[in-house]
Amino acid sequence: MEPAMDDIDYSDIEAKYAVPLDERLENVIVINGVPVITEAKEQRLLEAIQKRFRTYANIEMDLASIHLPYADNGESKGYVVVELQDADEAMHAIRTMNGYAFDKKHRFVVSRFTDIERLANMDESYQDPEEEPFEQRGHLRSWLMDEAGRDQLVMCARDDVQVMWHNRTAQPLEAHKRTRWTESYVQWSPLGTYLTTFHLQGIALWGGPTWERIMRYPHPGVRLVDFSPDEKYMVTWSPEPIQVPENAPQGPQFFAPEDEGNRVAVWEVRTGHLLRTFPIVQEDSAGPNGVAVKGFSWPYLKWSGDSKYCAKVTPGKSISVYELPSMGLLGQKSIKVEGVVDFEWCPLGDKDKEAQEMWQDGKNPNLPKGFKKPRDNMLVYWQPEVQNQPARVTVMSIPNREILRSKNLFNVADCKLHWHPQGDYLCVKVDRQTKTKKTVFCNFELFRMREKDFPVEVVELKDPVVAFAWEPQGSHFAVISSNDPNLGVVAPTIALKTQLNFFHLHPRGDFRLLKSFDNKSFNTLFWSPRGRHLLAVTLGSSSKFDLEWYDVDFNSDARQNSTGEMIEEVKLIGSGEHYSITDVEWDPSGRYVTTSSSFWRHSMEHGYAIWDFRGNELQKNVMEQFKQILWRPRPKTLLSKDQMKKVRRNLKEYSKIFDQEDQEAEMSQALAHKEEYKRMLDDWKAWRRHSRENLQAAQKELGIESAVVSSASQLEKESTEEVQEWVEEVLEEKEEVIA
């Protein structure tokens, strides 16, 4: 009998030709933070949500796809479930609308339905987390305990990275060395606590006496890193967009699906937690760093002096200020500034840091009489001329967004904002055009930020400005200007004729020109961290490599005019040349400066030189494939003002001790050289003796005894020649004051 149709098994055919049904809910999102309403207001609410998603996320949402659940009391539950077209649109909605302020009382929290479902099905029974074993780490500032008070520097050459101790009279002493420690370059954190190395998988921080790895941050292809001033936070950038694989690890230290496609990441340094990521629009064509970036400048986020805020500019539209550590927008919205070009935060000076330490939110009962509350963070931004509106510079306080000062500017071609490192002054360098718009001249708008209402004075310069730099611990500033007709026309490698100008704060209270030096070729300025000394350099030229050191307070203590006012004098105290120079850096003490020629930027004579603050070359080393050398920064001193005054008063006594230590170090170094010379001399004598014996044996076989005797006696006479060396040594030195 043939089987009935119902008895035939078609399961294998059905399985082969079955149409797979997508039962996943990756395209469904849940929006929390929705206003609680009754059913009468449902239509109005859903239309408002639909409009916001269309306007701010460019997502067309069907009202039928929005589900609003209600509680038993007839009111909504405060969230909606939305079905979108696909998982990509759902991810875009999460990335764009999460944290969006719907109104003053409601802020959206957008999540995937699958994430909420996974959390809802979690086991609610509590389990104690596994206790991680405590790992004792070395002191991260152990290098400051060096008995000789030496500074450290890091050097990259070939595949080696070396951390060295700097010695004044000898070559740097190696403290630590590793091969292939980094895949590109290294960078110190602002206070010198960490050494940053770059790898394909991300970056790592190293420190302590044994140079152990402190933390690593997984950001593939990372190229740039920027720390907050107090080293609490860090920003990284990679030209490669973030990609999150399906089986990628999850947690606060790793990227989430909503970070996919972004390129900038913000991290908490101590914990390694990822705080936020940002997208950057960039082109695919190759540029100087491998990728041509459109509308991107580094640092991407600029930090306030106390690291409580960071901000970025959207050119022409707004300034976005973010609070740390939440990385949420300050006031839930950006500062809209029409036409804004650039901005800068006011630095936190030593006076501000001391005031903040004493203030402690007003809870310190031991505040001195007349103590003023620390000033708020400030930022300055500028807007260009638009139609009949003049250009404008504005100083704003943060977080209250109060405009403290603004000034209109006319005939403006460009502006550059330069804060004094201590926050005492603000210089707005304004490039202006003449009426014919054929020539450019420069004005300095100088704001006094420590005085009431921030008064402004104007200093005019007839020529375009090439470089500007404030003195870090004083009231001088230096300017390089040029009236060379080739400025902006010839290639940057051709040295131009420039002028070096020094300005100072006159005792009568205004900024004046102190001195000018003509017929120079400088294009870059480097102030000593302690102020007073300036190094002017010609960088990037193929024919000029000049270095000149200037002292802006030379003999100031001994020079007075007829009215008793101190007369400052600028003097050239040293000069030099470093062929193929590419980089310059002062050490933290301001006593030494390094100049170097990097393998990355120049093709010949790679290496570095160390100079003192007077321009005397102490040592020079030519190294194959030399890449970089960096001084290790130092944190703020722990000495009080009274202790520093005591050191200054007794400086002569300390100097005698230091001079004696230097002399002993030089003598020990000379003794080491003497022992090395003696060992080499003994080796040479042993070689001569061995050679003489071989010669005598060979001559004896040939039967020329007389030649052997005369030669041997002559050699013996030469070998017994005595040399006397006189060494003078100062045993004691006294200073007597004769009245």
Could you list, in sequence order, all residues of the range 207-223 that are part of a strand (DSSP E or B) and either hydroxyl-bearing (Ser, Thr, Tyr) or in contact (Cβ under 8 Å) with a residue 12 or more places away in the chain (or both)?
Gly207, Glu212, Ile214, Met215, Arg216, Tyr217
The range 480-526 - residue that is of a type in the set (Val, Ile, Thr) and outside any loop (DSSP other than H, G, I, E, B) and, of those, surrounded by the fewest Cβ atoms within 10 Å (Cβ to Cβ)
Thr524
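Residue-by-condition table, conditions (1) assigned by TED's automatic domain parsing to the domain that holds Gly261; (2) under 22 Å from Pro257 (Cβ atoms); (3) touching a residue at least 24 places away in the same chain (Cβ under 8 Å); (4) not in a strand (DSSP E or B):
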position: Asn58; (1), (2), (3), (4): no, yes, no, yes
position: Val82; (1), (2), (3), (4): no, yes, yes, no
position: Gln85; (1), (2), (3), (4): no, yes, yes, yes
position: Met91; (1), (2), (3), (4): no, yes, yes, yes
position: Lys104; (1), (2), (3), (4): no, no, no, yes
position: Val110; (1), (2), (3), (4): no, yes, yes, no
Restricting attention to the range 129-149, does a residue exist that is assigned to a strand (DSSP E or B) and among the hydrophobic types (A, V, I, L, M, F, W, C)?
no
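Within the range 224-268, track down each residue that is under 30 Å from Glu174 (Cβ atoms), without any contact (Cβ under 8 Å) to a residue 60 or more places away in the chain and not polar (S, T, N, Q). Full working, then the answer.
Restricting attention to the range 224-268, the residues satisfying the condition of being under 30 Å from Glu174 (Cβ atoms) are 224-227, 231, 234, 236.
Keeping just the survivors that are without any contact (Cβ under 8 Å) to a residue 60 or more places away in the chain gives 225, 227, 231, 234, 236.
Across the range 224-268, the qualifying residues are Val225, Phe227, Glu231, Met234.
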Return the residue satisfying two criteria in turn: it lies in the range 415-451 and is under 29 Å from the mean Cα position of the chain (by Cα) and among the β-branched types (Val, Ile, Thr), and of such residues it is nearest to Ala478 (Cα to Cα).
Val428
Residue identified as of a type outside the set (D, E, K, R), farther than 24 Å from Asp350 by Cα and in contact with a His (Cβ under 8 Å, 6 or more places away or on another chain) among Leu500, Leu496, Leu514, Leu461:
Leu514
Residues of the range 392-431 being closer than 18 Å to Leu348 by Cα, in contact with a Pro (Cβ under 6 Å, 6 or more places away or on another chain) and free of Cβ contacts under 8 Å to residues at least 24 places away in the same chain, in sequence order, are none
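Restricting attention to the range 379-400, does a residue exist that is in a strand (DSSP E or B), under 25 Å from Pro635 (Cα atoms) and modelled with pLDDT of 90 or more? So that I can check it myself, show each step before the final result.
Narrowing the range 379-400 to residues in a strand (DSSP E or B): 379-383, 386, 389, 391-398.
Filter again for under 25 Å from Pro635 (Cα atoms), leaving 379.
Filter again for modelled with pLDDT of 90 or more, leaving 379.
Yes, the range 379-400 has at least one match.
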Limited to the range 610-642, what total is found for residues that are of a type in the set (A, V, I, L, M, F, W, C) and crowded, with 21+ Cβ neighbours inside 10 Å?
6
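Evaluate the following for Ala40: is it in a helix (DSSP H, G or I), over 19 Å from Phe108 (Cα atoms), assigned by TED's automatic domain parsing to the domain that holds Tyr100 and not hydroxyl-bearing (Ser, Thr, Tyr)? Before you say what the answer is, go through the steps one by one.
Values: in a helix (DSSP H, G or I): yes; over 19 Å from Phe108 (Cα atoms): yes; assigned by TED's automatic domain parsing to the domain that holds Tyr100: yes; not hydroxyl-bearing (Ser, Thr, Tyr): yes.
Yes, satisfied.
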I'd like the full set of residues that are modelled with pLDDT of 85 or more and either buried (at least 17 other Cβ atoms within 10 Å of the Cβ) or among the basic types (Lys, Arg) (or both), limited to the range 99-110.
Tyr100, Phe102, Lys105, Arg107, Phe108, Val110
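The values are calculated or read from the model by the stated rules, or taken from the named source; none is laboratory data. All of these numbers come straight from a predicted model, not from anything done at the bench. Every residue, glycine among them, receives a Cβ derived from its backbone with ideal geometry; neighbour counts consider all protein chains shown.
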